[in-house]
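Take a look at the structure set out below.
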Amino acid sequence: MSALSGAGPIAFDQNDPLNPKTWTEWKRWYISLATTVGGTALMYGLNSVLNSTFASSAPSGALRSIEQTLGASQEVSILVVSMYIIGYILGPIVFAPVLSKFWAILTLVFREIRA
């Protein structure tokens, strides 16, 4: 079995099934592809969530500066965050059906042109 000896590297026995050097080529490719695809999907999802979270909260720390620079009232400066959140919520609800219909029409047009 493999063992971690202190703070040093991991040591494997001669025929240890956990040793990557004893794995078949197929198994190494499978693990490489699975972690790449899974990691990419996970990072895309996390990145999208973290970016939208940051984008909605970043202006909230600068509201006083926005008020002073633009000469706007507090209510107007708060609209920056409010409009972002409203767009974030309503955007997919409004644009998903529109884009679905648009792409369906575009697909039919290209199919007719190709035929």
The residue from Ser65, Ser57 that alone is within 16 Å of Ile85 (Cα to Cα) and of a type in the set (S, T, N, Q) is Ser57
If a residue has to be part of a helix (DSSP H, G or I), exposed (fewer than 10 other Cβ atoms within 10 Å of the Cβ) and small (Gly, Ala, Ser) to count, how many in the range 46-72 make the cut? 1
What's the total number of residues in the range 23-61 that are under 18 Å from the mean Cα position of the chain (by Cα), free of Cβ contacts under 8 Å to residues at least 24 places away in the same chain and within 27 Å of Tyr88 (Cβ to Cβ)? 16
Could you tell me which numbered condition Asn19 fails, if it satisfies all but one of (1) within 18 Å of the chain's Cα centre (by Cα); (2) more than 30 Å from Ser77 (Cα to Cα)? (1)
The lone condition Ala41 fails out of (1) out of contact with any helix residue (DSSP H, G or I) (no Cβ under 8 Å at 6 or more places or on another chain); (2) farther than 30 Å from Ile86 by Cα; (3) modelled with pLDDT under 85 is (2)
Condition check for Ala96: without any contact (Cβ under 8 Å) to a residue 60 or more places away in the chain and surrounded by 11 or more Cβ atoms within 10 Å (Cβ to Cβ): no
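Look at Ile85 and say whether it is at negative phi, touching a helix residue (DSSP H, G or I) at 6+ places or on another chain (Cβ under 7 Å) and touching a residue at least 24 places away in the same chain (Cβ under 8 Å). Don't jump to the end; show me each part of the working.
On the way: at negative phi: yes; touching a helix residue (DSSP H, G or I) at 6+ places or on another chain (Cβ under 7 Å): yes; touching a residue at least 24 places away in the same chain (Cβ under 8 Å): yes.
So Ile85 passes the test.
The values are calculated or read from the model by the stated rules, or taken from the named source; none is laboratory data. Note that the coordinates shown come from a computational prediction; the quantities given were computed from them, not determined experimentally. When we count neighbours, we look across all protein chains shown, and the Cβ atoms used for this are built from the backbone with ideal geometry, even at glycine.
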